[in-house]
Amino acid sequence: MKSIVEDKVTVTAVVLRFIACCLLALLLGTLVPGDLSAQAPSWPDAPEIASYDIDVTLDAGARTLAGRERITYANTTADPIPDLVFHLYLNAFASRDTIFMREGGAAHRGQAWSPDAAGWIEVTELRLAGGQPLALETLEDGTLARAALPEPVAPGEAVEIELEFRAQLPRVFARTGYAGDFLMVGQWFPKLGVWQDGAWNAYPFHANAEFYADFGTYDVAITLPAGHVTGATGLPVEQADNGDGTQTVAYHAEGVIDFAWTASPDFEQESRSVDGVEVIYLYLPEHARTVDRVLDATEAALTHYGQWYGTYPYPRLTVVDVPDDGQGAGGMEYPMLFTAGPMSALGVSLDVTRGADRSLELVVVHEAGHQWWQSVVATNEAEEPWLDEGMTEYSAVRLLTRLYGPGRSLFDSRVVSLGSLDTRRLEYFLSPGVPMYGPAWEFETMEYVIATYSKPALSLLTLERTLGEETMLELMSTYYQRHRFGHPTTEDFRTVAQEVTGQELDWFFDGLVYGDEVVNYRVAELEPRSVTVAREGELAVPTEVLVTFEDGTTVLEPWDGSQEEQTFAYPDGPAVRSAEVDPEGRVLVDLRWADNGLSRQVYVADWLAVAARLVYYVQNAMLALGGW
Ligand SMILES: [Zn+2]
């Protein structure tokens, strides 16, 4: 029989041993190299619907890919699913006759497509895993294909299929392809659409449209020449030298909607740890001057967006530089990876404008924003592009303004300064009545930029200034947390907005998102005993009127803008000296600030002085920003 004392000793010994083990582990952890002591990476808890296991071999001379792919699709819907629909995006670059080429005039972001450097993809084998071949039917212009299944996939069941494909990469065009030895390989493998509402939601590749996919796990092994430095969605898990001049690099990612990779024998690499996230910058030696700028901007984005919306959920984020002759691959987002490149929205060499031009920072914080508004909150970029581009650009403008101050966040020199918000306002003025809501292919290119970037950024910032920063961040973080790893719609955002603010916000949703309403606020009449303000246009944004009296005292009148005219009367006391609608400039969609009140005149003069010069810049910027 053990005594109580013995028991106590035993317990103490166990506790001591445990503590010693912990100390040893801690000590070892500090002694072994970082990559060996690192804990297993944590992946987000996302639904696993469409998972891909791909072996792909690059023929570096021919710039072709040969791939074997296994797709596991889990039917989480209530419908039996009778077939599978695949995107074959690379076929958009096969000829001048595709939907993409016809809509885009065989050009993208000002860069021409060449028939000598076309791209295409072909599925050469398709079968149920382990056997039965499946027939593949080409749809539309060949950027979609359908395979009927012998039996529908029942709700709660999964189907596994195997396929083989070969693909030709285009010379860099519309985000993807090669430029010399540089490769940016995006939208490159046969990929399922999204089953929802009883059908496959999958469109042919339209010129303005981006993408839509389900979450899943990706295991991708890439065989390519030894000596190429690679980067990809996910984490590298294995690298083998094949002894024949090639190497195989394997990547793993969970909770992602896509997989893109890049390679170049010239890449150099810098990394930085930001709140436990490993940020990798792959850059070309000729752009070594961008290293600090890119890493600083990426860190600022991860930190701020993380605080505003919710923590970045993946262990790594790779930023990819692009060569000067491959700019068409720059400024594009994928899960855990985005491309930047030393592009200038002002159309001037970065060497000339060094230190003044923040286009690079803008690209970086914009693309980083897509990690939240696309990669995690995976809206349908084809049907509702304003949700991803708009929230991303809102985030980018907000961050740049915070980092560099208003009026100088895009360009900051002694001669001229320009804020990212200012350029978005100038763009907005070109077509303020275009609704933000609508599928990508229904917009002309200019309208697309305004509807999905400029107007949403201004509208969301107007909403923020109307609600207050705290409420706005509560709205955005609630929307993010509730819909992360899902596919929310504009109406889901509206539901969260109404719930968080307790307001209908019809002016925002019916007026700006779905509608074509515009507003110009002005002081219509100034009398010693009254002020009359007026609203031109249908859009009634809640605002304020600042009235100043002859004795210097002021009063701030709330005005909901619901009436076309409103008169504020002051029968007693000192006479009215001046009045101003929206004195804080919160209504960023106001078409003319010049008539809001007298005190605005100085600002307007400044504004007009640079406006003519800016028109040139804006045209360049719109070309450059067209496909971010
Ligand atoms: Zn974008």
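Of the listed requirements (1) in contact with an Asp or Glu (Cβ under 6 Å, 6 or more places away or on another chain); (2) surrounded by 16 or more Cβ atoms within 10 Å (Cβ to Cβ), R70 misses just one: (2). The residue of region 408-433 that is farthest from H206 (Cα to Cα), among those that are of a type in the set (K, R) and not in a helix (DSSP H, G or I), is R414.
Table: residues versus (1) surrounded by fewer than 20 Cβ atoms within 10 Å (Cβ to Cβ); (2) within 30 Å of P80 (Cα to Cα); (3) in contact with a helix residue (DSSP H, G or I) (Cβ under 7 Å, 6 or more places away or on another chain).
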| position | (1), (2), (3) |
| --- | --- |
| A148 | yes, yes, no |
| F165 | no, yes, no |
| Y178 | no, no, no |
| G186 | no, no, no |
| D197 | yes, yes, no |
| D214 | no, yes, no |
| A232 | no, no, no |
| E254 | no, yes, no |
| W261 | no, no, no |
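The single condition among (1) in a helix (DSSP H, G or I); (2) within 30 Å of G105 (Cβ to Cβ); (3) modelled with pLDDT of 95 or more that M436 does not satisfy is (1).
Entry remark, region 383-418: residues being over 14 Å from A301 (Cβ atoms), at pLDDT 85 or above and away from the ligand (no atom under 14 Å from the Cβ) number 2 in total. For region 135-146, residues that are surrounded by fewer than 19 Cβ atoms within 10 Å (Cβ to Cβ), in contact (Cβ under 8 Å) with a residue 24 or more places away in the chain and assigned to a loop (DSSP other than H, G, I, E, B) total 1. Here R63 fits the description: modelled with pLDDT of 95 or more, surrounded by fewer than 20 Cβ atoms within 10 Å (Cβ to Cβ) and basic (K, R). When the test is whether a residue is over 20 Å from L410 (Cα atoms), buried (at least 23 other Cβ atoms within 10 Å of the Cβ) and at pLDDT 95 or above, T298 does not pass it. Do we have P342 as crowded, with 22+ Cβ neighbours inside 10 Å, more than 16 Å from the ligand (Cβ to nearest atom) and either among the β-branched types (V, I, T) or under 15 Å from H366 (Cα atoms) (or both) here? Criteria met by P342. Scanning region 380-407 for residues that are without any contact (Cβ under 8 Å) to a residue 40 or more places away in the chain, in contact with a helix residue (DSSP H, G or I) (Cβ under 9 Å, 6 or more places away or on another chain) and assigned to a loop (DSSP other than H, G, I, E, B) gives P406, G407.
The values are calculated or read from the model by the stated rules, or taken from the named source; none is laboratory data. Please read these numbers as outputs of a predicted model, since none were measured by experiment. For neighbour counting, all protein chains shown are included, and Cβ atoms are generated from backbone atoms with ideal geometry for every residue, glycine included.
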